[in-house]
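Everything below concerns the one structure shown next.
Every read-out reported here was derived from the displayed coordinates using simple, explicitly stated rules and does not represent laboratory data. Small disclaimer: the values here were computed from a predicted structure and weren't measured. Don't worry about glycine lacking a Cβ; one is built from the backbone with ideal geometry, like all the others, and counts go over all protein chains shown.
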Amino acid sequence: MNDAYSTIRTAADIADLIALETGGSDAFGHAFTETIDGFRMGREEEETDAALPDAIMAQAACEMLVRTLFDLLRDTRLEPLAGRLAWGIVHSFHKVAGQLEGEANRAARTVKDLVRDADGSEIAMGELEEAQMLCQSLDEAQEAIACMRDHAAETYRAETGQPWSSPRGSLTSSKRTASVIAASDFLAARRQRRAESHAPSGPIVIFSGGQVWADHRLIWERLDMIRARMPTMVLATTGQDKGCDAIAAAWAAQSGTSLIPFPLRRALGQRAGFVRNEQLLALCPVEAVVCEGSGLQSHLARMVRAKGVPAHFFRLADQMQSRHQEGPHSIV
């Protein structure tokens, strides 16, 4: 073992090692940089000029929270529970980030109303400044917590081989790069930032497959090949939590590819799977990957052919072939 690692005992030790080896994460450096002088997350709270937590210490703490669980339970009878417990840790960050986002949205609406009704008086301008500080403070806090969530989720992926996924909603975070001068400019920039983070603009590749699949290399190699041609691709899957979709989701997490899962809308009953296939085709995909599974995959394959979308089709039997061999059903 490296001597540096043998001396690690606390989060501070991990932080020192991260700083020594990497200089810390750029994401944490951005997310844990103060963007306003005063800070207040509630109307009744006192304004504070306290600093944000140290970025490298925050990164180390997130990693330690998740990784220590796996280290503790590894090779014990409780090892199967490690992933479930770690999932909950990431989810706690995700839930708080979502709460802060909702509070920031409400604060932004208040700013918008005050901008609309501003009469130029000293009182009105004071209320506007306070409302904008609250909105910016909530945004700053949400960015920091979302950054911690993302790193905890990445540690979860490194330990389990599967991406962390929320039971609902998107897992996105970003950091504004310029100070806001006017309230109206601030709101417009905020809307633009959100549109970009929730609507990735790369070419869409759709993916679907059965819940029983063993050869992850077959899928990963084909997705690698597609991404080599389209580095900004966005992967849209049928959102199942095992089998082919889980393999594709793990690939997306490992490669840094944006992922859009389309889970079944159970309220639609027996039509749900077919409606989901129609949603995938409505994305105007530039390419498709379909692995043999149920009748829903067969239905999607027929739709893909009818639309003339370039596609890769894999059969269950293809898993038995050499992973370097291209079968007759590889691409149409």
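For Asp75 and Ala50, a Förster radius of 56 Å and the Cβ-Cβ distance give a FRET efficiency of 0.85, rounded to the nearest 0.05. In this label model, Asp224 and Gln211 are separated by 3.0 nm, measuring between points 7 Å along each Cα→Cβ vector.
Rank the residues Met225, Met233, Met64, Met148 as a footprinting-exposure proxy: fewest other Cβ atoms within 10 Å of their Cβ go first. Please list the in-between numbers first.
Details: Met225 11, Met233 23, Met64 19, Met148 26.
The fewest-first ordering by Cβ neighbours comes to Met225, Met64, Met233, Met148.
Taking a point 7 Å from the Cα of Ser298 along the Cα-to-Cβ direction, the residues of the range 260-285 with backbone N closer than 15 Å to it are 274. Protection proxy ranking for 66-75, 101-110, using the average of other Cβ atoms within 10 Å per residue and placing the highest first: 101-110, 66-75.
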